[in-house]
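Undergrad: Got a structure here, written out as structure tokens. Questions coming.
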Amino acid sequence: MSDNAKRIAFEWVDSNERRLAEISDEIWGYAELGYVEFKSAKLLANELEKHGFKVERGVAGIPTAFVGTWGKGKPVIGVMGEYDALPGLSQKAVPHKEPTKAGEPGHGCGHNIHGTSALGGAIALRYAMEKAGVKGTVKFFGCPAEEMLSGKVWMVREGVFDGVDAVLSHHPSSMNVGGLSSSNANNAVKFHFRGKTAHAAGNPEMGRSSLDAVELMNIGVNFLREHVIDKARIHYVIEEGGGQPNVVPDYARSWYYIRAPERDQLEPIYERILKIAEGAALMTETELKVEFIKGIYNKLPNKVLSDAVTANMRAIGPPEYTEEEMSFAEEVSKSISEDSKRTTLWKTKRPGWEKLMDVVMDRTVPDAWNDGEVSHGSTDVSDVSWQTPTMEFSTATYSLGTPGHSWQNVVYSGMSIGHKSLLFASKVIAATAIDFLTDPELLKAAWEELDRRKAGRTYKSPIPEDLDPPLNQWKK
Ligand SMILES: [Zn+2]
């Protein structure tokens, strides 16, 4: 039954290639930032409805979060799709740096592909289930604001993922792999200091500088670095530091990211940073307001899901590229220095990475090599991974060595190499979901692994109970 179901799913993807590429390109063109992905979310949700999914919009108090459901009863397989862009990365789909509109957002993480591969996978799966008589439910999770505001954490808090037996999603990358690395837990917090303005030369004794508070807080945190675990990462920007030197600023604001490999390693560092912020306010006689933007967990990988994804990627086979596509990719990859490519590949720790130095597009499917590694970034996929067995696999979309969140990523995500990556991923999603819908032993093994990796720890939402999602971040 499962082979027949997979064949039906692949045929659906093949005969809907053009429509899927169109949807991806449309979202690429919208390039909407987190929580304001109104057009992108609507396009995906409408398409699901066209194919018989029941769609609930505005879940977890977020207008651009939605859940599409098809089928009934157990097992329930979830597919996650993201569709938010990154600020400042506007770029045409040409092999050199050229913004469509300078300073505007762009899909530098390929989330137009992320959302569309998930859509293709979920719809293909739904037809395969219907025609091959596979029982169960498929749920499409429309997940906004992954990049900077972590929409999934709010969806998890509202119980949106409850009762789901396994979750799959796809992320564009330069390799085809069911990755097993974990990711850093993360808090993002803004510190608002309010003081008293005064003429900086005329009556400075009357002023209470909010900028002093921001700077003293940063100094405190930089001294703290000596006394945190080696693997912690703390970084900040000053978002607002006053207008001109001859006016004591009465308002200043910093934005911090605090990361550590495990959630319970992060919490004590965060507590100390809060004390430093209070200390800075005390020293400068300013008022402090702490704005919690997001908190996320470290990711729990799942080898049972990864193995299934790897097997399906090999059975389907990664895309082939035309001569034209290859020369396009070669042209783009010329913008990446050899040094930069070497560092990027070396950092993946993939066995034999040296041999990839002369390769432009990776067409291999290696076994996942990174179990036990922690990637330095953070993602809200992690919070889902504590609820149910979760796999975010990647497929080659960018030439090898392309840096993350770059204009080159925007280019590949908006042309045929990106389309091929997403069609491949849609098939992998559908095929892997069919494996788990038709083999209860696989699901059982995935859950046993999740329990083992949780090691008795329970998930507690990292966001304060009374906090609503920060929907208006871009209006400030
Ligand atoms: Zn991403």
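The values are calculated or read from the model by the stated rules, or taken from the named source; none is laboratory data. As the structure is a computational prediction, the values presented were derived from the model and not from experiment. No Cβ is skipped: glycine too gets one built from the backbone with ideal geometry, and neighbour counts run over all protein chains shown. With ligands, DNA and RNA removed, areas are computed over all heavy atoms of the protein, side chains included. Shrake-Rupley method; radii C 1.70, N 1.55, O 1.52, S 1.80 Å.
Listed here are the residues, each with its yes/no results for (1) away from the ligand (no atom under 16 Å from the Cβ); (2) open to solvent by less than 40 Å² (accessible area, probe 1.4 Å).
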{"position": "330", "(1), (2)": "yes, no"}
{"position": "364", "(1), (2)": "yes, no"}
{"position": "368", "(1), (2)": "yes, yes"}
{"position": "386", "(1), (2)": "yes, yes"}
{"position": "396", "(1), (2)": "no, yes"}
{"position": "399", "(1), (2)": "yes, yes"}
{"position": "407", "(1), (2)": "no, yes"}
{"position": "416", "(1), (2)": "yes, no"}
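Undergrad: Determine whether segment 451-468 contains at least one residue that is open to solvent by less than 50 Å² (accessible area, probe 1.4 Å), at pLDDT 95 or above and closer than 30 Å to residue 128 by Cβ.
TA: No, the conditions are met nowhere in segment 451-468.
Undergrad: Taking segment 147-174, which residues are open to solvent by 10 Å² or more (accessible area, probe 1.4 Å) and within 15 Å of the ligand (Cβ to nearest atom)?
TA: 147, 148, 171, 173, 174
Undergrad: Being on the phi > 0 side of the Ramachandran plot, of a type in the set (Gly, Ala, Ser), within 16 Å of the ligand (Cβ to nearest atom) and in contact (Cβ under 8 Å) with a residue 40 or more places away in the chain: is that true of residue 110 here?
TA: It is true that residue 110 is on the phi > 0 side of the Ramachandran plot, of a type in the set (Gly, Ala, Ser), within 16 Å of the ligand (Cβ to nearest atom) and in contact (Cβ under 8 Å) with a residue 40 or more places away in the chain.
Undergrad: Considering only residues that are crowded, with 22+ Cβ neighbours inside 10 Å and in contact with a Lys or Arg (Cβ under 8 Å, 6 or more places away or on another chain), which ones fall in segment 76-105?
TA: Within segment 76-105, 77, 78, 79, 80, 91 meet the criteria.
Undergrad: Also: Within segment 206-264, take every residue that is crowded, with 17+ Cβ neighbours inside 10 Å and of a type in the set (Val, Ile, Thr) and give me the one that is farthest from residue 191 (Cα to Cα).
TA: Ranking the candidates gives 228 first.
Undergrad: For segment 198-207, does any single residue satisfy the condition of being in contact (Cβ under 8 Å) with a residue 40 or more places away in the chain and of a type in the set (Asp, Glu)?
TA: Within segment 198-207 (the criterion being in contact (Cβ under 8 Å) with a residue 40 or more places away in the chain and of a type in the set (Asp, Glu)), the answer is no, since none of the residues qualifies.
Undergrad: If you check every pair at least six apart or on different chains, which have Cβ atoms under 6 Å apart with a residue in segment 448-476 that is closer than 29 Å to residue 302 by Cα first and a residue that is assigned to a loop (DSSP other than H, G, I, E, B) second?
TA: 449/302; 450/389; 453/300; 459/386; 469/62
Undergrad: Please give the number of the condition residue 384 fails out of (1) over 20 Å from residue 138 (Cβ atoms); (2) part of a helix (DSSP H, G or I); (3) touching a Cys at 6+ places or on another chain (Cβ under 9 Å).
TA: (1)
Undergrad: In segment 297-319, is there at least one residue being within 16 Å of the ligand (Cβ to nearest atom), open to solvent by 20 Å² or more (accessible area, probe 1.4 Å), under 19 Å from the mean Cα position of the chain (by Cα) and not β-branched (Val, Ile, Thr)?
TA: Yes, that holds for at least one residue.
Undergrad: Same structure, new question: So residue 137 passes all but one of these: (1) more than 13 Å from the ligand (Cβ to nearest atom); (2) surrounded by 24 or more Cβ atoms within 10 Å (Cβ to Cβ). Which condition number does it fail?
TA: All conditions are met except number (2).
Undergrad: Any residue at all in segment 430-445 that is buried (at least 24 other Cβ atoms within 10 Å of the Cβ) and either in a loop (DSSP other than H, G, I, E, B) or within 15 Å of the ligand (Cβ to nearest atom) (or both)?
TA: Within segment 430-445, not a single residue is buried (at least 24 other Cβ atoms within 10 Å of the Cβ) and either in a loop (DSSP other than H, G, I, E, B) or within 15 Å of the ligand (Cβ to nearest atom) (or both).
Residue by residue, here is whether (1) in contact with a helix residue (DSSP H, G or I) (Cβ under 9 Å, 6 or more places away or on another chain); (2) under 21 Å from residue 279 (Cβ atoms) holds:
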| residue | (1), (2) |
| --- | --- |
| 204 | no, no |
| 208 | yes, yes |
| 219 | yes, yes |
| 225 | no, yes |
| 229 | yes, no |
| 244 | no, no |
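Undergrad: Quick one: is residue 289 over 27 Å from residue 178 (Cβ atoms) and among the charged types (D, E, K, R)?
TA: So residue 289 passes the test.
Undergrad: Right, something else. Mind checking which residues of segment 300-337 are more than 21 Å from residue 409 (Cβ to Cβ) and outside any helix (DSSP H, G or I)?
TA: 300, 301, 302, 317, 320
Undergrad: Quick check, is residue 189 more than 16 Å from the ligand (Cβ to nearest atom), open to solvent by 10 Å² or more (accessible area, probe 1.4 Å) and on the phi < 0 side of the Ramachandran plot?
TA: Criteria not met by residue 189.
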